[in-house]
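Q: The structure is given below, and queries will be raised subsequently.
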Amino acid sequence: MTSASKNGPNPDAPSPDAKYGKKRSVKNDWRLFLRLLPYITQNRSQLILPLLLLVPLSLAQALQPVLIGQAISLIKQEDAAWDIFTTMSLRTGLNWIIGGLLVAIAIRLSLDGWQSYQIQKVGQNITASIRRDLFEHVTNLSMGFFDRTPVGRLITRLTSDVNALGDVFSTGAIGIISDLFLILVLMGTMLQQEWRLGLMLIIMLLPITTLIIYFQQQYRTANYIAREELSALNSNLQENISGIDVVQLFRRERFNSELFRTINQRYVNAIDKTIFYDSAVSATLEWIALAAIAGVLALGGYLVTGNIIEIGTLTAFILFAQKLFDPLRQFADKFTAIQAGLTAVERLNDLMSEPIAIRDAKNPVALPAQTLKDSDVVIPGEIRFKNVSFGYKADDYVLKNLDFTIRPGEKVALVGPTGAGKSSIIRLLCRLYEVSDGQILLDGVDIREIAQQDLRDRMAIILQDGFLFSGDVTRNITLGEDYRFEQVQHAAEQTNVASFIEALPQGYGTTLRERGTNLSGGQKQLLAFARAAIRNPGILVLDEATANLDVGTEATIQSALDKLLEDRTAIIIAHRLSTIRNVDRILVLKQGHLIEQGSHDELLNQDGLYASLYKLQMLGQ
């Protein structure tokens with residue numbers, strides 16, 4: 001075993017996502033397009049104008065070489081000059097041609113910017129819609145998805161991939177239609193002017209088009225791998241920043257820097273491949289464009305010396321050769337953007353195809369009101385675990401055939417060694433995960449038949465680590481729900497945390513940094529109590545809720561907590577067994593099984609696991 005495998009992931013091993021990208025590069029592009037079609041149709045009215053502008057823009061560009069050729073023919077008095085110009089004097093004819101060129105240039109300058117603005121506006125609207133739907137979808141995914149998906153990968157998909165997809169709409173898709181339309185107009189004009197030179201240039205397009213498609217497919221595969229490596233890079237970066245205290249305390253800076261350097265180099269190597277294929281397209285086009293001009297000079301010179309065509313026509317075709325490869329160059333650049341966008345669509349499609357495992361029933365059961373009519377008195381709920389088994393993995397159960405009932409208004413504590421399944425019970429009760437077998441009943445109704453909003457409105461959870469959002473104290477208590485400021489104050493006073501909040505620099509309006517880093521762990525926990533109290537729930541769940549509090553603060557909170565627990569059903573998880581002596585019943589878990597239950601005194605008399613745990617704690621104290 002290498003040292004890398006002992007201390008962390010092996011940075012030299014190719015990422016699974018990179019291998020996955022090689023398989024995914026041949027995905028059906030049409031099916032991916034159909035996934036985007038609803039977003040395009042939502043903005044179809046805004047796409048009409050940019051598409052209509054293609055006609056005058058393309059005709060204006062195709063007309064320029066023709067007018068310049070006419071100017072040469074008119075000066076040399078050649079037969080190719082149009083009759084309308086030959087009837088005029090040389091100066092007048094040239095003035096009309098110059099005027100036509102200026103009009104063509106003016107049309108292009110005035111309409112090109114307008115079209116570009118309209119296209120990019122539509123692109124940004126589509127991108128915003130996709131980003132919104134992705135965010136909504138991700139926030140509805142089950143906790144199991146987040147257990148197996150690094151945060152950095154999700155952030156890459158929601159930002160970098162969505163932006164790449166936005167480029168498809170803002171610069172790629174309509175732009176390619178524009179370039180193709182211009183190429184067709186130029187081909188038709190060339191064949192009408194001189195079919196031999198026109199046919200030669202068209203034939204030269206065939207091999208270059210095949211070569212471009214080949215390079216673009218290779219670019220697509222390389223770009224998929226590069227984006228997966230970027231996801232791995234962002235994931236590693238996010239993990240190191242989140243765990244910076246551990247990194248520094250255990251002097252992992254050098255090891256983590258080496259790991260990051262290796263992942264970063266893997267990303268650079270992947271990007272180098274995309275650059276190579278992109279550059280290969282540009283270089284090929286440059287050489288073919290020069291070859292096309294040389295071909296026009298060779299064949300055109302032969303036709304001129306044979307008096308088959310005139311100098312004005314040859315001049316026009318030299319310009320046609322340049323004009324023809326300009327949209328082809330732009331087409332290749334935009335095709336690269338589209339290939340990058342299709343790569344992004346593949347990755348975003350994977351995310352959007354991730355099933356929402358926990359959904360509301362089609363006809364959810366409506367539970368009776370939580371509070372008594374015209375009263376603040378809360379109706380406590382009855383909780384029944386009926387032969388419940390559960391595993392985070394299908395073949396590894398952490399809860400096995402649990403069967404117990406918590407009566408309305410009863411205070412029950414969950415006790416057991418680490419890994420016994422206490423927190424898993426709470427997660428199942430809140431439907432963060434679904435049971436593998438059995439049922440969880442709330443007031444006699446399977447919680448899978450209750451709307452998630454209704455279920456979670458009936459309970460408040462206070463975790464050991466209360467998460468705080470950026471924003472002020474009031475918003476962190478209400479969490480965006482419509483509570484009056486008086487209710488916020490009452491909840492703070494009810495849980496004895498009002499004095500702490502009022503001591504902050506701006507009181508309830510104090511701005512909290514990300515994750516509440518300008519508060520101590522204990523202070524963050526105090527806000528979690530007020531957050532629970534304001535919701536006035538029938539069921540209260542405490543998961544090591546006072547673990548981060550000092551003895552004095554815990555005593556203050558405990559008195560408020562005792563009042564808060566009155567007439568409510570409560571589930572309490574606590575490792576300090578002295579804090580749960582007064583609950584109605586204690587459930588003792590071991591390896592997912594319920595092995596003991598009873599009051600504190602009853603369990604001590606049984607002299608089982610609970611008695612052993614209690615004696616060990618008392619001995620330690």
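Derivation of every value follows stated rules applied to the coordinates shown; laboratory data play no part. For clarity, every value in this text was computed on a predicted model and none was experimentally measured. Cβ placement follows ideal geometry from the backbone for every residue including glycine, while neighbour counts extend to all protein chains displayed.
Q: Can you return the aspartates and glutamates within cross-link range of LYS334? Criterion is Cα-Cα under 15 Å, with same-chain partners fewer than 8 residues away left out.
A: Filter leaves ASP167, ASP179, ASP278, ASP326.
Q: List, in order, the whole-Hz ³J(HN,Hα) value for each residue of region 127-144 obtained from phi through the Karplus relation with A = 6.51, B = -1.76, C = 1.60 and θ = phi - 60°; use x for Gly and Pro.
A: 4, 4, 5, 5, 4, 4, 5, 5, 4, 4, 5, 4, 5, 9, 6, 6, 4, x
Q: List the chymotrypsin sites (Phe, Trp or Tyr not before Pro) in region 71-166 that DSSP assigns to loop (not H, G, I, E or B) and whose Cβ has at most 16 other Cβ atoms within 10 Å. Which are they?
A: Those satisfying the criteria are TRP82.
Q: Through the Karplus equation 6.51 cos²θ - 1.76 cosθ + 1.60, θ set to phi - 60°, convert the phi angles of region 591-608 into ³J(HN,Hα) values in whole Hz; use x for Gly and Pro.
A: Once rounded to whole Hz, the list reads 6, x, 9, 8, 10, 8, 7, x, 6, 4, 5, 4, 6, 5, 5, 6, 6, x.
Q: Counting other Cβ atoms within 10 Å, which GluC sites (Glu not before Pro) in region 548-621 have at most 16 and lie in a DSSP loop?
A: Filter output for region 548-621: GLU566.
Q: To continue, here is another question. Can you list residues from other chains, or at least 5 along the same chain, whose modelled amide H is less than 5 Å from the amide H of GLU382?
A: ASP443
Q: Further question: Output wanted: per-residue J couplings in Hz (rounded whole) for region 197-212, from phi through Karplus 6.51 cos²θ - 1.76 cosθ + 1.60, θ = phi - 60°, x for Gly and Pro.
A: Values, residue by residue: 5, x, 5, 4, 5, 5, 5, 5, 6, 4, x, 5, 5, 4, 5, 4 Hz.
Q: When the distances between all Cα atoms of the chain are binned every 20 Å from zero, what whole-number percent does each bin get?
A: 15, 34, 26, 15, 8, 1, 0
Q: Right, here's the next one. If you average the C-alpha positions of region 463-512 and of region 342-365 separately, how far apart do those two centres end up, in angstrom?
A: One Cα centre to the other: 34 Å.
Q: In addition: Output the Kirkwood hydrodynamic radius of region 138-270, Cα pairs only, in Å rounded to one decimal.
A: After inverting the mean inverse Cα-Cα distance, the result is 19.2 Å.
Q: Also, quick follow-up: Order by neighbour count: SER353, SER242, fewest other Cβ atoms within 10 Å first, most last.
A: SER353, SER242
Q: How much length, in nm to one decimal, is gained on full extension between ARG261 and LEU206, taken as 0.36 nm per residue of separation minus their Cα-Cα distance?
A: Full extension of this stretch gives 15.4 nm more.
Q: Assuming 0.36 nm per residue, please report the length gained on full extension of the stretch LEU109 to PHE135 beyond their Cα-Cα distance.
A: Gain on stretching LEU109 to PHE135: 5.4 nm.
Q: Out of LEU512, VAL445, TYR483, whose Cα points farthest toward the positive end of the dipole of region 445-558 (charges: +1 Lys, Arg; -1 Asp, Glu; placed on Cβ)?
A: Result: LEU512.
Q: Mind checking which aspartates and glutamates have their Cα closer than 18 Å to the Cα of LYS362? Skip sequence neighbours fewer than 8 apart in that chain.
A: Of all the aspartates and glutamates, those that pass the test against LYS362 - Cα under 18 Å, at least 8 places apart if same chain - are GLU434, ASP446, GLU449, ASP454.
Q: Still on this model: Which entries in LYS524/LYS563; LYS121/LYS323; LYS273/LYS323; LYS524/LYS615 show an alpha-carbon gap greater than 25 Å?
A: LYS121/LYS323; LYS273/LYS323; LYS524/LYS615
Q: Can you pull a Stokes-Einstein diffusion coefficient for region 383-620 at 20 °C (1.002 mPa s), Rh from Kirkwood over Cα pairs, as a whole number of µm²/s?
A: The Stokes-Einstein estimate is 114 µm²/s.
Q: Want the number for SER89 to ARG515: 0.36 nm per residue separation, take away the alpha-carbon distance, what's left?
A: Difference between extended and current length: 145.3 nm.
Q: Another one. How far apart, in nanometres, would the label points at ALA394 and LEU479 be if each is projected 7 angstrom from Cα along the Cα-to-Cβ direction?
A: With each label point 7 Å from Cα toward Cβ, the separation is 3.2 nm.
Q: What net charge do the residues around ALA611 carry, taking every other residue with its C-beta under 15 Å from that of ALA611, with Lys and Arg at +1 and Asp and Glu at -1?
A: Summing Lys and Arg as +1 and Asp and Glu as -1 gives -1.
Q: Evaluate E = 1/(1 + (r/R0)^6) for ASN43 and ARG329, where r is the Cβ-Cβ distance and R0 equals 22 Å; express this FRET efficiency to the nearest 0.05.
A: Calculated transfer efficiency: 0.20.
Q: Still on this model: Using the count of nearby Cβ atoms within 10 Å as a rough guide to exposure, how do HIS593, HIS600 rank from fewest to most?
A: The fewest-first ordering by Cβ neighbours comes to HIS593, HIS600.
Q: Could you order the peptides 605-614, 455-464, 262-271, 535-544 from most to least packed, using the average number of other C-beta atoms within 10 Å per residue?
A: The peptides rank, most packed first, as 535-544, 455-464, 262-271, 605-614.
Q: Give, as a single signed number, the net charge of other residues whose beta carbon lies under 11 Å from the beta carbon of ILE309, with Lys and Arg counted +1 and Asp and Glu -1.
A: Value of the local net charge: -3.
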